[in-house]
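The values are calculated or read from the model by the stated rules, or taken from the named source; none is laboratory data. Small disclaimer: the values here were computed from a predicted structure and weren't measured. In this analysis, Cβ positions are derived from the backbone assuming ideal geometry, glycine residues included, and neighbour counts consider all displayed protein chains.
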Amino acid sequence: MSSEQLTIASLTDRVKSVAVGAPIADVHFLGDRAAFVCAEEKVALADANGEVSHVDVHSGANLCTASDGQRVVTGGDDGKVVALNAKGETSVIATDAKRRWIDNVALHPDGAFAWSAGKTAYVRSGKGEEKSFDAPSTVGGLAFAPKGLRVAVAHYNGVTLWFPNMAAKPEFLEWAGSHLAVTFSPDNKFLVTAMHEPALHGWRLADNRHMRMSGYPGRVRSMSWSAGGKGLATSGADTVIIWPFASKDGPMGKEPAMLAPLQARVSMVACHPKQDIMAAGYSDGTVLIVRLEDGAEILVRRNGGEPVSALAWNAKGTLLAFGSEDGDAGLLEF
Amino acid sequence: MSELSSQKIPVTVLTGYLGAGKTTLLNRILSENHGKKYAVIVNEFGEIGIDNDLIIGADEEVFEMNNGCVCCTVRGDLVRILDGLMKRKGKFDAIIVETTGLADPAPVAQTFFVDEDVQKNARLDAVVTVADAKWLSHRLKDAPEAKNQIAFADVIVLNKTDLVSKPELAEVEARIRGINPYAKLHRTERCKVALSDVLERGAFDLDRILEIEPEFLDAGDDHHHHDHDHHGHDHHNDHSHSHGGLKHYHDEEMQSLSLRSDKPLDPTIFMPWLQNLVATEGQKILRSKGILAFTDDDDRYVFQGVHMMLEGDHQRKWKEGERRESRVVFIGRELPEQMIRDGFESCIVA
């Protein structure tokens with residue numbers, strides 16, 4: 001292992017350090033500017049040269065974030081949903097009447113957005129119409145389907161597929177346990193949740209067949225679809241776990257690929273938007289770029305410090321941003 | 001271990017039947033001049049007057065774990081809230097979770113055993129139960145939740161003592177002791193209790209087992225535990241008898257059971273026995289604790305558990321001249337006493 005690390009290709013000297021100055025919860029790109037969402041109050045916008053400007057978004061914790069490349073939307077423990085655009089302008093786009101925590105946000109390509117507070121999920125369409133849905137328990141995760149206006153609402157004992165614009169009864173996908181993050185495959189054929197226990201659960205939407213993806217030592221906190229939706233890369237183990245979704249059966253009866261093993265837990269994953277490569281962040285602070293085909297690794301950041309808590313590529317795939325729980329952040333240009 | 005656990009945020013769980021005075025105690029804690037900041041997790045958000053910067057409304061969602069065990073439950077909302085609170089590290093020193101009057105404390109406690117992320121950042125400090133001196137005796141008869149909360153407690157604040165006579169107070173204390181002789185009991189009016197008596201107790205800290213509560217087992221053995229055989233269990237709801245003028249109750253449903261041995265235990269028999277016991281009888285066992293002297297082992301081994309969940313570790317060397325005595329306590333509902341006694345006996349090295 002150690003001799004291998006000595007010979008690993010390294011890009012560490014090309015990383016531009018970003019002075020975020022606070023623990024980082026997430027990162028997104030607005031054009032070529034990286035938006036580092038801090039754990040509390042602020043977003044730090046950084047350009048490719050690492051120049052930073054701070055923007056206030058919430059008066060407390062930034063609990064959840066989402067981005068469509070045009071804006072970053074955040075939910076806070078101040079009961080507000082805030083949108084931030086590429087110019088660094090913010091606006092409060094929703095406020096919870098009871099000032100409850102905003103636990104989840106999601107964005108739709110046509111401008112609609114969704115959020116949840118407690119058991120209630122809300123959708124505001126691009127035209128400004130607001131609808132709500134009461135889940136049977138606290139909403140664990142929200143995701144828009146890639147097509148149409150359909151929202152997956154993850155909760156205890158399953159996921160509800162809600163169609164805000166239709167009178168039809170929401171469709172309930174049942175599976176015992178607490179479901180948190182939820183994601184549709186880019187081809188709209190599969191739905192996957194990260195559960196409270198260290199496992200994923202999936203449904204093939206054509207026939208609601210179940211897929212159990214277990215064996216993780218820790219809870220899966222980060223999921224990312226590879227280019228073209230061929231695989232789902234996940235955190236939670238001491239290797240990157242990638243489940244195959246290229247065939248019509250998805251990962252049913254198949255083994256996942258296990259890449260980039262380290263003596264640390266993978267904490268964040270981010271697949272490149274166009275090529276079959278990905279970035280992985282670890283609990284010991286390491287960041288690697290990994291080629292999916294053969295697992296070849298390039299070192300982006302050495303180990304040391306707190307876990308990597310934020311990782312993202314820009315839409316063109318020319319910039320990689322990472323951030324850690326202790327506020328260390330960097331940008332790498334290709 | 002100590003150094004690590006001290007960096008974790010301590011969490012105090014405040015339980016008690018409706019009207020016992022939980023909110024009074026909470027406000028007392030918050031208003032006292034202690035220089036500390038608390039994050040307070042309450043149910044019934046916004047309906048009660050609590051003066052604090054950081055108040056979070058909880059839904060008391062009890063989730064079963066996917067392991068087929070019905071008693072392995074956690075508070076799903078607590079997992080989520082603690083996760084969110086950790087983003088505000090440094091803004092508060094401790095967390096207080098107030099449960100509803102009807103809540104079972106077990107899922108709250110188990111959340112700290114089961115969830116990896118919760119465990120990393122926070123530690124359960126103690127379960128504090130506020131009880132109403134005037135009404136507790138009634139509630140113990142008609143409300144199983146009240147009995148649970150007493151049985152589960154590390155600290156019991158027996159409140160509203162000004163509303164009862166001395167004999168009534170002795171009566172309710174005897175009833176509490178009949179269920180849980182190990183908790184620290186404080187008699188109060190309007191929840192007037194020293195903060196150090198309810199906070200920073202370290203009741204779930206293996207390092208502190210039996211050290212802050214020296215009477216933990218002394219009281220158990222002499223005070224409560226005696227041979228049950230002569231009762232013949234005549235199915236009254238309870239019965240009392242006196243020892244040296246003190247009244248004793250045995251709750252038919254909820255009891256504590258104390259075991260001890262002067263001879264060392266065989267760890268290769270004891271550990272599987274204990275694990276099997278909580279696996280099969282865990283639903284009945286609310287709390288368990290023990291200090292163990294194993295054969296050929298110079299370290300004290302300590303353990304504690306909630307229902308089926310156990311944690312244990314070597315604690316420290318036995319001190320020079322210290323009596324190497326093993327002591328185990330179970331508090332639970334309809335405990336299979338003889339079976340537990342026989343099992344424990346079989347672990348003693350002859």
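General remarks:
- The residues of the range A:67-91 that are assigned to a strand (DSSP E or B) and either more than 16 Å from A:Val37 (Cα to Cα) or within 11 Å of chain B (Cβ to nearest Cβ) (or both), listed by number, are A:Gly75, A:Gly76.
- Check on A:Trp175, at pLDDT 95 or above, within 14 Å of chain B (Cβ to nearest Cβ) and outside any loop (DSSP other than H, G, I, E, B): yes
- Filter result for A:Gly140 (modelled with pLDDT under 95 and under 28 Å from B:Leu78 (Cβ atoms)): no
- Index of the failed condition, B:Asn52 passing every other in (1) at pLDDT below 85; (2) part of a loop (DSSP other than H, G, I, E, B); (3) under 22 Å from the mean Cα position of the chain (by Cα): (3)
- Pairs where the first residue, in the range A:139-155, is more than 14 Å from chain B (Cβ to nearest Cβ) and the second is small (Gly, Ala, Ser) and assigned to a loop (DSSP other than H, G, I, E, B), C-beta under 6 Å, 6+ apart: A:Val153/A:Ala135
- Across the range A:11-28, the qualifying residues are those that are under 25 Å from A:Trp101 (Cα atoms) and touching a Gly at 6+ places or on another chain (Cβ under 7 Å), and the one among them that is surrounded by the fewest Cβ atoms within 10 Å (Cβ to Cβ) is A:Gly21.
- Among the residues of the range A:284-307, the ones that are buried (at least 21 other Cβ atoms within 10 Å of the Cβ), farther than 16 Å from A:Leu259 by Cβ and either within 16 Å of the chain's Cα centre (by Cα) or without any contact (Cβ under 8 Å) to a residue 40 or more places away in the chain (or both) come to 0 in all.
- Candidates A:Ala237, A:Ala260, A:Ala264, A:Ala233 - the one that is in contact with a Lys or Arg (Cβ under 8 Å, 6 or more places away or on another chain), surrounded by 15 or more Cβ atoms within 10 Å (Cβ to Cβ), more than 27 Å from A:Arg124 (Cβ to Cβ) and touching a residue at least 24 places away in the same chain (Cβ under 8 Å): A:Ala237
- In this structure, B:Lys184 does not qualify as under 18 Å from B:Asp197 (Cα atoms), basic (Lys, Arg) and buried (at least 22 other Cβ atoms within 10 Å of the Cβ).
- In a residue-by-residue description of the range A:48-66, the property of being within 25 Å of A:Asn165 (Cβ to Cβ) and either part of a strand (DSSP E or B) or in contact with a His (Cβ under 7 Å, 6 or more places away or on another chain) (or both) applies to at least one position.
- Options A:Arg150, A:Arg99, A:Arg124; residue that is out of contact with any strand residue (DSSP E or B) (no Cβ under 8 Å at 6 or more places or on another chain) and either surrounded by 15 or more Cβ atoms within 10 Å (Cβ to Cβ) or among the basic types (Lys, Arg) (or both): A:Arg99
- Of all residues making up the range A:199-256, the number that are outside any loop (DSSP other than H, G, I, E, B) and either over 13 Å from A:Met278 (Cβ atoms) or not aliphatic (A, V, I, L, M) (or both): 20
- Comparison of B:Ile29, B:Ile50, B:Ile81 shows that the only residue that is on the phi < 0 side of the Ramachandran plot and either within 14 Å of chain A (Cβ to nearest Cβ) or free of Cβ contacts under 8 Å to residues at least 12 places away in the same chain (or both) is B:Ile81.
- Screening the candidates B:Leu140, B:Leu158, B:Leu102 for the property of being away from every other protein chain (no Cβ under 14 Å), on the phi < 0 side of the Ramachandran plot, modelled with pLDDT under 95 and not in a helix (DSSP H, G or I) yields one hit, B:Leu102.
- Unmet criterion (only one of (1) farther than 23 Å from A:Ser67 by Cβ; (2) crowded, with 21+ Cβ neighbours inside 10 Å) for A:Leu320: (1)
- So B:Glu320, is it on the phi > 0 side of the Ramachandran plot and of a type in the set (Asp, Glu): no
- Filtered residues of the range B:68-82 (kept if surrounded by fewer than 18 Cβ atoms within 10 Å (Cβ to Cβ) and either among the aliphatic types (A, V, I, L, M) or modelled with pLDDT of 90 or more (or both)): B:Val70
- No other residue among A:Lys98, A:Lys42 is without any contact (Cβ under 8 Å) to a residue 24 or more places away in the chain, within 14 Å of chain B (Cβ to nearest Cβ) and in a strand (DSSP E or B) apart from A:Lys42.
- Of the set (1) in contact with a strand residue (DSSP E or B) (Cβ under 7 Å, 6 or more places away or on another chain); (2) at pLDDT below 95; (3) of a type in the set (Lys, Arg), all apply to A:Arg204 but (2).
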